[in-house]
Amino acid sequence: MHSFHYSKGQLCCEDVSLADLADEFGTPLYVYSSATFRERYTSLDSAFEGVDHEVAYAVKANSNLAVLRLLASLGSGFDIVSGGELFRVLKAGGDPAKCTFAGVGKTRAEIEYALKEGIYSINVESYEEAVFINEVAGDLGLTAPIAFRVNPNVDAKTHKYISTGKSENKFGIDFDLIAEAYERASTLPHLKLKGLQMHIGSQLTSVVPFVEAVDKVAPLAARLKETYNIEFFSIGGGIGIIYEQALASGAESWWSDQPEESRPLTPTQYAAAVRPALEPLGLKILLEPGRFIAGNAGVLVTRCLYEKKGTTKTFKIVDSGMHQLIRPALYQGHHEIVPVTEATSAPEMVDVVGPICESGDFFCQNRELAGIEPGGLVALMSAGAYGMVMASTYNSHPLPAEILVDGDQAHLARKRQSYQDLVEAEEG
């Protein structure tokens, strides 16, 4: 599943001790496993062998240049949602001709940048946006390749903040209106109708919503191919990961004891379920995973500063918080929390909280944990996606460093911010 494990009582990323990394680079500290990124990418890519397809990593999950460079070396395409993400991909050696540009609020400057760089396709969220892109392309003397994003109105049964495929969500064009959008856009002179895109949500642990969406939209893709000669169908991302029992040692046996419907969705199961509807289309299939590739590839290492015992609660206060991993506060997201030095003491009921002046600044509440002691190091597992990319300098805390491990080698992928870095762009 991933490459974090205990070795001689110390939590390691591949062959590197997290305690050694914390000693060298300080805390808080993000640490990523190259082996896990490779395994996740290749497992999904291999599951679709025999189908014309491309894995386009969703940059928003983790946009560190070292991560993007690693994925580009594997042949990955990229799903971007801003001009800044395109810039990052290009800096990392990614191919703009393997990039698709999604998002509901693209600016003129971003569209111009994408078109000048020769992006593969812009995923369009409304007919009005298509009109605007046509205008921008015309001003540049270019033709813009586009794919409308269809909203299939399928309930992904995930957290409401990361559900994107229902008619009440801001994303895409209603299924009943999509044919009209293509017909009207086909008359715009500076557009090329290149494909069709959908994405129903994130952190899906059942294949059922994927099958429902693909079965509903595949006939539309076939009609669009016949009418407008589109060349690809993007089925989005959304495959969920394991957040509970996420430590490598013991996790597989724990999940094998769970009911089949509760086990994590594998790439093989996912591909087997959706391929029957996709293979007859004769279209290139784009996959846009983010969390699936990055989530279990990273941890956040933090140090316990104090223990505070009250009349009703015991708090373990650490040197990281919601400003550096916001998922627990924003999504009620669960992250396994383990000591870097393997625990020998009995678990106790605690809250793990950070230094931020917000009551929502917690990593867990009322959870039984062992080995979280003042001065000791703690790892928040499954923090490789939507961790550092959503971090801020709230309360004027500098951003943490990021490390990419490959075997027994550790590469500083982002240096820790200094206090001076916090004010560098400001005028005093």
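The values are calculated or read from the model by the stated rules, or taken from the named source; none is laboratory data. Please read these numbers as outputs of a predicted model, since none were measured by experiment. As a convention, Cβ positions derive from the backbone with ideal geometry for all residues, glycine included, and neighbour counts pool all protein chains shown.
Taking the stretch 271-330, which residues are outside any helix (DSSP H, G or I) and over 29 Å from Cys357 (Cβ atoms)?
Answer for the stretch 271-330, where residues must be outside any helix (DSSP H, G or I) and over 29 Å from Cys357 (Cβ atoms): Gly282, Leu283, Lys284, Ile285, Leu286, Leu287, Glu288, Pro289, Gly290.
Conditions tested, residue by residue: (1) within 21 Å of Arg184 (Cα to Cα); (2) in contact with a Pro (Cβ under 7 Å, 6 or more places away or on another chain); (3) modelled with pLDDT under 95; (4) in a loop (DSSP other than H, G, I, E, B).
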position: Val104; (1), (2), (3), (4): yes, no, yes, yes
position: Ala109; (1), (2), (3), (4): no, no, no, no
position: Ile119; (1), (2), (3), (4): no, yes, no, yes
position: Glu129; (1), (2), (3), (4): yes, no, no, no
position: Leu142; (1), (2), (3), (4): yes, no, no, yes
position: Ala147; (1), (2), (3), (4): yes, no, no, no
position: Ala156; (1), (2), (3), (4): no, yes, yes, yes
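Might you let me know whether the stretch 269-282 holds any residue that is within 19 Å of the chain's Cα centre (by Cα), at pLDDT 85 or above, β-branched (Val, Ile, Thr) and not assigned by TED's automatic domain parsing to the domain that holds Met322? Checked against the condition, which is being within 19 Å of the chain's Cα centre (by Cα), at pLDDT 85 or above, β-branched (Val, Ile, Thr) and not assigned by TED's automatic domain parsing to the domain that holds Met322, the stretch 269-282 yields no hits at all.
Taken together, the residues in the stretch 376-428 that are part of a helix (DSSP H, G or I) and among the hydrophobic types (A, V, I, L, M, F, W, C) amount to 5.
Could you list, in sequence order, the residues of the stretch 382-428 that are among the acidic types (Asp, Glu) and touching a residue at least 40 places away in the same chain (Cβ under 8 Å)? Glu402, Asp406, Asp408, listed by residue number. Quick one: in the stretch 337-358, of everything that is touching an Asp or Glu at 6+ places or on another chain (Cβ under 7 Å) and part of a loop (DSSP other than H, G, I, E, B), which residue is surrounded by the most Cβ atoms within 10 Å (Cβ to Cβ)? Only one residue tops the list, namely Gly354.
Going by the structure shown, is Gly93 under 26 Å from Pro276 (Cα atoms), surrounded by fewer than 22 Cβ atoms within 10 Å (Cβ to Cβ) and either in contact with a strand residue (DSSP E or B) (Cβ under 7 Å, 6 or more places away or on another chain) or at pLDDT 95 or above (or both)?
Against the criterion (under 26 Å from Pro276 (Cα atoms), surrounded by fewer than 22 Cβ atoms within 10 Å (Cβ to Cβ) and either in contact with a strand residue (DSSP E or B) (Cβ under 7 Å, 6 or more places away or on another chain) or at pLDDT 95 or above (or both)), Gly93 does not qualify.
When Thr27 is tested against (1) in contact with a helix residue (DSSP H, G or I) (Cβ under 8 Å, 6 or more places away or on another chain); (2) outside any helix (DSSP H, G or I), exactly one condition is not met: (1). When the stretch 1-47 is filtered for residues that are touching a strand residue (DSSP E or B) at 6+ places or on another chain (Cβ under 7 Å), touching a residue at least 40 places away in the same chain (Cβ under 8 Å) and more than 25 Å from Asp319 (Cα to Cα), the ones remaining, listed by number, are His2, Ser34, Tyr41, Leu44.
Considering only the stretch 314-348, how many residues are of a type in the set (D, E, K, R) and farther than 19 Å from Arg303 by Cβ?
Going through the stretch 314-348 one residue at a time, the tally reaches 1.
Tell me the residue from Glu373, Glu402 that is charged (D, E, K, R) and surrounded by 24 or more Cβ atoms within 10 Å (Cβ to Cβ), please. The match here is Glu402. Could you list, in sequence order, the residues of the stretch 159-198 that are modelled with pLDDT of 60 or more, part of a strand (DSSP E or B) and out of contact with any helix residue (DSSP H, G or I) (no Cβ under 6 Å at 6 or more places or on another chain)? Result: Asp174, Lys192, Lys194, Gly195, Gln197. When Leu115, Leu71 are checked against the criterion of being at pLDDT 95 or above, touching a Leu at 6+ places or on another chain (Cβ under 6 Å) and assigned to a helix (DSSP H, G or I), Leu115 stands alone in meeting it. The residue that is farthest from the chain's Cα centre (by Cα), among those in the stretch 1-24 that are farther than 24 Å from Phe363 by Cα and either part of a helix (DSSP H, G or I) or β-branched (Val, Ile, Thr) (or both), is Glu24.
One residue alone among Ala213, Ala246 is under 23 Å from the mean Cα position of the chain (by Cα), at pLDDT below 90 and not in a strand (DSSP E or B), and that residue is Ala246.
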